[in-house]
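This report refers to the structure that appears directly beneath it.
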Amino acid sequence: MKVGILSGGGDAPGINAVIRAVVRKGIQHYGYEIVGIRDGWRGLLEGKFLPLDLKAASGILPRGGSILGTSRTNPFKYEKGGEKILRNAEKAGIEAVVVIGGEDTLGVAHKMGDLGLKCVGVPKTIDNDLAGTDYTFGFHTAVAIATEALDRLHTTAEAHHRVIILEVMGRYAGWIALEAGLAGGADAILIPEKPFDLHEVYGYIKRREKRGRNFSIIVVAEGAKPKGKTEIVYGESVDEFGHVRFGGVGYYIGKKIEKRMHIETRVVVLGHLQRGGSPTAFDRILATRYGVAAIDLVHEGTFGCMVALKGNKIVPVLLKEVAGKRKTVDLELYDIASVFFG
Ligand code: F6P
């Protein structure tokens with residue numbers, strides 16, 4: 001049997017660990033032929049493949065990025081895109097596809113399943129906002145990077161008596177901001193799920209001053225917005241799935257604080273540093289477990305599913321139950337983090 005594998009959407013540390021697991025178990029255990037599909041769904045639209053043998057998958061476990069490349073291509077934005085994909089998969093002899101992706105890429109896998117393509121999904125995104133799984137791989141690494149950034153910002157903020165704002169990724173869910181903020185002792189955490197009131201933020205800074213702490217660290221997710229206002233966007237253009245590019249909320253808040261409170265303020269936008277580089281041990285293990293489970297599902301003939309982490313078990317969940325749903329932050333965890341605000 002020939003099995004295709006693709007990675008779509010924003011990259012996340014651990015994609016290569018999934019690929020390695022699918023190749024190793026697929027070839028050595030099941031005797032499959034594994035073929036890489038280049039740049040997400042675009043590779044199937046354009047018929048661009050990369051044979052994956054044991055050698056190609058060797059040494060890639062700790063590598064960030066994706067040896068296959070990735071893209072935000074939405075085949076349904078192209079004329080007869082779905083049919084083209086079916087035709088190209090058939091021409092290449094691909095009978096099933098392991099799809100590594102977030103909500104957009106897996107949403108396409110669900111639709112392609114309805115058209116007859118046999119897909120198994122693997123949940124990937126540093127944002128951790130995919131429904132149906134406790135964790136996506138890549139998230140743990142992003143939190144570790146953001147936490148280290150917070151530790152470093154603490155020392156310089158304290159030395160200069162400044163407010164420093166760290167803007168992290170998280171378009172619609174504030175998981176990275178919340179968990180890194182909790183781990184890094186943030187004095188305020190602003191997330192998309194809870195539109196913020198700057199007067200509360202000013203209050204936290206003042207409260208710290210009263211107890212002799214004349215510096216503050218604020219973490220803000222890129223998709224956080226002031227109460228009654230819209231998100232701050234970097235540009236008006238949208239990608240093929242209709243997403244705008246967020247960016248700038250850190251500067252928005254920084255300027256307001258400086259003007260209102262006359263405290264020197266600095267802003268750090270962590271950006272793609274959160275996505276690049278080597279995955280943590282947790283993400284390597286999770287990605288490996290996902291890859292093995294995905295090829296096992298292919299072997300069982302269970303399609304239209306995504307492998308998911310529930311507790312400490314990897315289980316299949318139906319793509320139709322995940323498609324179009326988003327997992328926002330656990331507000332109980334936010335309440336715990338807020339004990340330490342101000
Ligand atoms: O993949 C999700 C994500 O990391 C978001 O948090 C972020 O807004 C977006 O990707 C950035 O995407 P790009 O790499 O296209 O700038």
So PRO75 clears everything in (1) touching a Phe, Trp or Tyr at 6+ places or on another chain (Cβ under 9 Å); (2) in contact (Cβ under 8 Å) with a residue 40 or more places away in the chain except one condition, right? Which one?
(2)
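Being surrounded by fewer than 23 Cβ atoms within 10 Å (Cβ to Cβ), without any contact (Cβ under 8 Å) to a residue 60 or more places away in the chain and in a helix (DSSP H, G or I) is the requirement here; does HIS299 meet it?
Details: surrounded by fewer than 23 Cβ atoms within 10 Å (Cβ to Cβ): yes; without any contact (Cβ under 8 Å) to a residue 60 or more places away in the chain: no; in a helix (DSSP H, G or I): yes.
It is false that HIS299 is surrounded by fewer than 23 Cβ atoms within 10 Å (Cβ to Cβ), without any contact (Cβ under 8 Å) to a residue 60 or more places away in the chain and in a helix (DSSP H, G or I).
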Given the criteria assigned by TED's automatic domain parsing to the domain that holds CYS305, within 16 Å of the ligand (Cβ to nearest atom) and assigned to a helix (DSSP H, G or I), does ASP104 qualify?
yes
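Yes or no, residue by residue, for (1) surrounded by 21 or more Cβ atoms within 10 Å (Cβ to Cβ); (2) closer than 18 Å to MET1 by Cα; (3) of a type outside the set (Lys, Arg):
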site	(1), (2), (3)
ILE34	yes, yes, yes
ARG38	no, no, no
ASP53	no, yes, yes
GLU79	no, no, yes
GLY82	no, no, yes
ILE94	yes, yes, yes
Quick check: is even one residue across segment 272-288 within 16 Å of VAL201 (Cα to Cα) and either touching a residue at least 12 places away in the same chain (Cβ under 8 Å) or not β-branched (Val, Ile, Thr) (or both)?
no
State whether one or more residues within segment 13-26 are among the small types (Gly, Ala, Ser), farther than 26 Å from ASP114 by Cβ and within 16 Å of the ligand (Cβ to nearest atom).
yes
Determine whether segment 53-67 contains at least one residue that is within 17 Å of ASN16 (Cβ to Cβ), small (Gly, Ala, Ser), touching a strand residue (DSSP E or B) at 6+ places or on another chain (Cβ under 6 Å) and assigned to a loop (DSSP other than H, G, I, E, B).
yes
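The values are calculated or read from the model by the stated rules, or taken from the named source; none is laboratory data. Note that this is a predicted model, so its numbers are computed, not measured. Reconstructed Cβ throughout: ideal geometry from the backbone, glycine too, with neighbour counts over all protein chains shown.
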